Amino acid sequence: MPCAPSRSAARPVRTATALVLILLTGAHLPAAAEAPDADDQAAVIAELQDRIRAQEARLERLEALLAAGTPERRDASPILQPAARPDPALTAPDSVPGPAAASRFRLSGDARLRYEYNTSEGSQRTDSRGVVRGRLAASYQASPDLELGARLVTGDPDDPNSADVSLSNFNDDLQVSLDRLYGRRTFGALTLTGGKFANPFRRTDLVWDGDVNPQGLAAQYAALDTGATQLQANALLFPIERSVADADSIASGLQLVLDHQAGPGWKFGLAAGYYDYELEALGTADTGDTRTNRLDASGAYVSDYDLIDVIASAAYTGLGDRWPVQVQADIVQNLGADDYDTGYSVTAALGRASTTGDARFSYGYHSAEADAVFAAFAQDNIPYGSNYLQHALSASYVLGEHLTLDATFSAYRVKDTELIPVSTEDWQQRLRLNLVSQF
């Protein structure tokens, strides 16, 4: 097998090649008739030697690239270079250029580490656990009025109220599922969203848990915007359970939201909504869905769920941008229940949690009777979705641009113990410490 030529053996060949390249590109010696003096000859020779060395260096680099099978890098800028064999689908006349397509793509998410401690003034066992949660969302602006999106989350896909995973189960791998997959189209002041998407309503945890992502069709209409005053209507058609043998379970809702800037530093908001649940098919519902709502002997709901929900809020920024004061009240009544039909919450907060060094503190009191809300989609900060009393204190501090530390302390108990035979009026306590990273 013939040996490859050494670098020293290849040097004369490269030198000759370099001379040819120089002559072909216009390098020339003075004509003999001009009889150059010794200084001119020395200058010309020096110039030729410099050019030979430059060409040799370039030839060496090309040989090294060819030996490694690597194409020459033509540009170090972030602009994408065309591929050697471009995909016809990417180079079609009506395709979106790479950089333009990338600018329409948005990726966001968060990761949360939690320590939770539970105790009780009664005989219940003290318990603690570690919890993780991860969420990764992507959206693509296909056109100025069309957005496509999806989100991956950890947690049990059969639990609509939580993406949390307890650190347990002999170190089993985490479950991951899609909790959002949607298309959103705008028509001027009207926005339509279909699929599985973020809740379109202004809400509190009293009626809608923050992890609940409805499915179906949502509409939002900006009816008025004067700068100081905004009026918006939100609507939802929400298939819950499908049955081939009986009527389906479906929810629908309508909400009007009014916001008003009342002079320097003051802003007020009012949201009034009506949510109607037609619960016929319950084939996949389990105790994690029915939770603390009342059921009859057959396992059907005792009450219908026709909720009137009103949320009022006020915000004051006169103490500075970092220390806004916010007060919010939410009252809900279930017109489909004969009793145990009312719930309310009141929350006050001071501060914000948006930039490094920010701090926020809040206190809330919550009360919900057994059938005041549809417990399957209500809050899961405590074990009860309804039929509870709760005090909640929280504090947040922004450690860095993408890192927040917060703590929440809840004291809660069953409100009407006669509805849950094994319950007591003992107060239980829950402490949660969260480290959250967002991007």
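The values are calculated or read from the model by the stated rules, or taken from the named source; none is laboratory data. Source: prediction; values computed, not measured. Virtual Cβ from ideal backbone geometry, glycine too; neighbours counted across all protein chains shown. These accessible areas exclude ligands, DNA and RNA; they are computed on the full protein's heavy atoms, side chains included. Shrake-Rupley method; radii C 1.70, N 1.55, O 1.52, S 1.80 Å.
Of the residues T355, T404, only one is over 28 Å from Y274 (Cα atoms), open to solvent by less than 50 Å² (accessible area, probe 1.4 Å) and either assigned to a loop (DSSP other than H, G, I, E, B) or modelled with pLDDT of 95 or more (or both); which?
None of the others qualify; the one that does is T404.
Kindly evaluate D225 against the criterion of being open to solvent by 70 Å² or more (accessible area, probe 1.4 Å) and either under 21 Å from Y115 (Cβ atoms) or touching a Lys or Arg at 6+ places or on another chain (Cβ under 6 Å) (or both).
no
Looking at (1) touching a residue at least 12 places away in the same chain (Cβ under 8 Å); (2) open to solvent by 10 Å² or more (accessible area, probe 1.4 Å); (3) touching a Phe, Trp or Tyr at 6+ places or on another chain (Cβ under 9 Å), can you tell me which one D371 breaks?
(2)
Report those strands (runs of 3 or more DSSP E) wholly inside segment 231-325 carrying at least 3 residues which are at pLDDT 95 or above and over 29 Å from the mean Cα position of the chain (by Cα).
Details: elements: 249-261, 266-278, 305-316.
So the answer is 305-316.
Regarding L152, is this residue under 30 Å from I308 (Cα atoms) and open to solvent by 40 Å² or more (accessible area, probe 1.4 Å)?
So L152 does not fit the description; no.
Going through segment 299-317 one residue at a time, which ones are open to solvent by less than 50 Å² (accessible area, probe 1.4 Å) and either more than 16 Å from A272 (Cα to Cα) or not β-branched (V, I, T) (or both)?
Of everything in segment 299-317, those that are open to solvent by less than 50 Å² (accessible area, probe 1.4 Å) and either more than 16 Å from A272 (Cα to Cα) or not β-branched (V, I, T) (or both) turn out to be G299, A300, Y301, S303, Y305, D306, L307, D309, A312, S313, A314, A315.
Restricting to segment 167-181, what's the tally of residues that are surrounded by 12 or more Cβ atoms within 10 Å (Cβ to Cβ) and among the polar types (S, T, N, Q)?
So the count comes out to 2.
Tell me whether segment 130-140 contains one or more residues that are out of contact with any strand residue (DSSP E or B) (no Cβ under 9 Å at 6 or more places or on another chain) and either open to solvent by less than 60 Å² (accessible area, probe 1.4 Å) or not acidic (D, E) (or both).
no
Being out of contact with any strand residue (DSSP E or B) (no Cβ under 6 Å at 6 or more places or on another chain) and open to solvent by less than 70 Å² (accessible area, probe 1.4 Å) is the filter here; which residues of segment 156-166 pass it?
Within segment 156-166, D159, P160, N161, S162 meet the criteria.
Assess whether V325 counts as being closer than 13 Å to S386 by Cα and of a type in the set (V, I, T). Let's see the steps before the verdict.
Numbers: closer than 13 Å to S386 by Cα: no; of a type in the set (V, I, T): yes.
Here the answer is no, as V325 does not meet what is asked.
Quick check on this structure: which one of S410, S386 is more than 19 Å from D164 (Cα to Cα) and buried (at least 19 other Cβ atoms within 10 Å of the Cβ)?
S386
Report every pair of residues separated by at least 6 positions or lying on different chains whose Cβ atoms are under 8 Å apart, first residue within segment 183-208 and acidic (D, E), second in a strand (DSSP E or B) and open to solvent by less than 60 Å² (accessible area, probe 1.4 Å).
D205/S345; D205/H366
Among the residues of segment 182-199, are any open to solvent by 30 Å² or more (accessible area, probe 1.4 Å), outside any strand (DSSP E or B), modelled with pLDDT of 95 or more and farther than 23 Å from V310 by Cβ?
Yes; the residues of segment 182-199 include at least one that is open to solvent by 30 Å² or more (accessible area, probe 1.4 Å), outside any strand (DSSP E or B), modelled with pLDDT of 95 or more and farther than 23 Å from V310 by Cβ.
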